[in-house]
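Any read-out appearing in this document is the output of simple, stated calculations on the displayed coordinates, not a laboratory observation. A quick note: this is a predicted structure, and the numbers were derived from the prediction, not measured. Here the Cβ positions follow ideal geometry from the backbone for every residue, glycine too, while neighbour counts run over all protein chains shown.
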Amino acid sequence: MNDVRRMVAAFRGEGVRAVGVRDPDKPGDDQQGLFALPGQVAPERLLVERDNLEHAEELIDGAINAFDRARAAGLGKEGSAWAEAVFQALAHELGLSRELLADRLTAAWLRHHIEDARELAVAIQQAL
């Protein structure tokens, strides 16, 4: 049992209205209050995908050039480990905190995937 499922079950067991949102590779279960993020890849990977970084150029000047340099940090790594290494290096290349970089990359994703985000928000609202 993963942490999100366990926490939602614990809160619900105490009578607290709760839902959990998990990575896209984990199935949702409306009856248990579990939802999956839109897409096909983990959020840490989604944020550093090239198309998202191209959208982020509106918010972060030089995002693509910094990404091209930061990719080297992911050599020899795969999946979430690759994304985490590249994300850390990208924050360093851009001179941004991890939190600010995550905020800007998330905002870029939302600007171009608002319907996906809206569908998830509506499903959560209906569950609560």
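Please find the FRET efficiency linking residue 57 to residue 78, where r is the Cβ-Cβ separation and R0 is fixed at 35 Å, and quote it to the nearest 0.05.
Working: r = 26 Å, r/R0 = 0.75.
It comes to 0.85.
Based solely on its DSSP helices, what 222 nm [θ] is calculated for the chain when runs of n ≥ 4 H residues each add -39,500 (n - 2.57) and the sum is averaged over all residues, nearest 500 deg cm²/dmol?
Calculated mean residue ellipticity at 222 nm is -18000 deg cm²/dmol.
Quick one: pull the percentage of alpha-carbon pairs in the stretch 43-112 with a separation above 17 Å.
Pairs farther apart than 17 Å: 30 percent.
Expressed as a rounded percentage, what relative contact order does the chain have, with Cα pairs under 8 Å and six or more residues apart?
On the way: 147 pairs, mean separation 29.0, N = 128.
Dividing the mean separation by the residue count of the chain yields 23 percent.
Under 5 Å between amide hydrogens, which residues at least 5 positions from residue 35 or on another chain qualify, with H placed 1.01 Å from N in the peptide plane?
20, 21, 22, 29
Quote the relative contact order of the stretch 43-112 in percent (integer), defining contacts as alpha-carbon pairs under 8 Å separated by 6+ residues.
41 percent
Name the residues of the stretch 52-91 whose amide N is less than 19 Å from a point 7 angstrom out from the Cα of residue 25 along the C-beta direction?
74-88
To the nearest 20 debye, what is the magnitude of the charge dipole of the chain about its Cα centre, counting +1 on the Cβ of each Lys and Arg and -1 on the Cβ of each Asp and Glu?
Charge dipole, the chain, about its Cα centre: 420 debye, nearest 20.
Stokes-Einstein D for the chain at 4 °C, 1.567 mPa s, Kirkwood Rh over Cα pairs, in µm²/s?
D = 81 µm²/s.
Return the equivalent ellipsoid semi-axes of the stretch 9-66 as a descending list in whole Å, where each equals the square root of 5 times an eigenvalue of the C-alpha gyration tensor. Intermediate results must be reported in sequence, preceding the final value.
Working: eigenvalues 233, 29, 11 Å².
Three semi-axes, in Å: 34, 12, 7.
Positive end of the dipole of the stretch 43-112, charges at C-beta (+1 Lys, Arg; -1 Asp, Glu), about the Cα centre: which of 105, 80, 63 has its Cα farthest in that direction?
80
Once the piece of chain linking residue 126 and residue 64 is laid out straight, how much longer is it, given 0.36 nm per residue of separation minus the C-alpha distance between them? Please report the intermediate quantities before stating the final value.
Numbers: separation 62, 0.36 × 62 = 22.32 nm, distance 3.83 nm.
So the extension gain works out to 18.5 nm.
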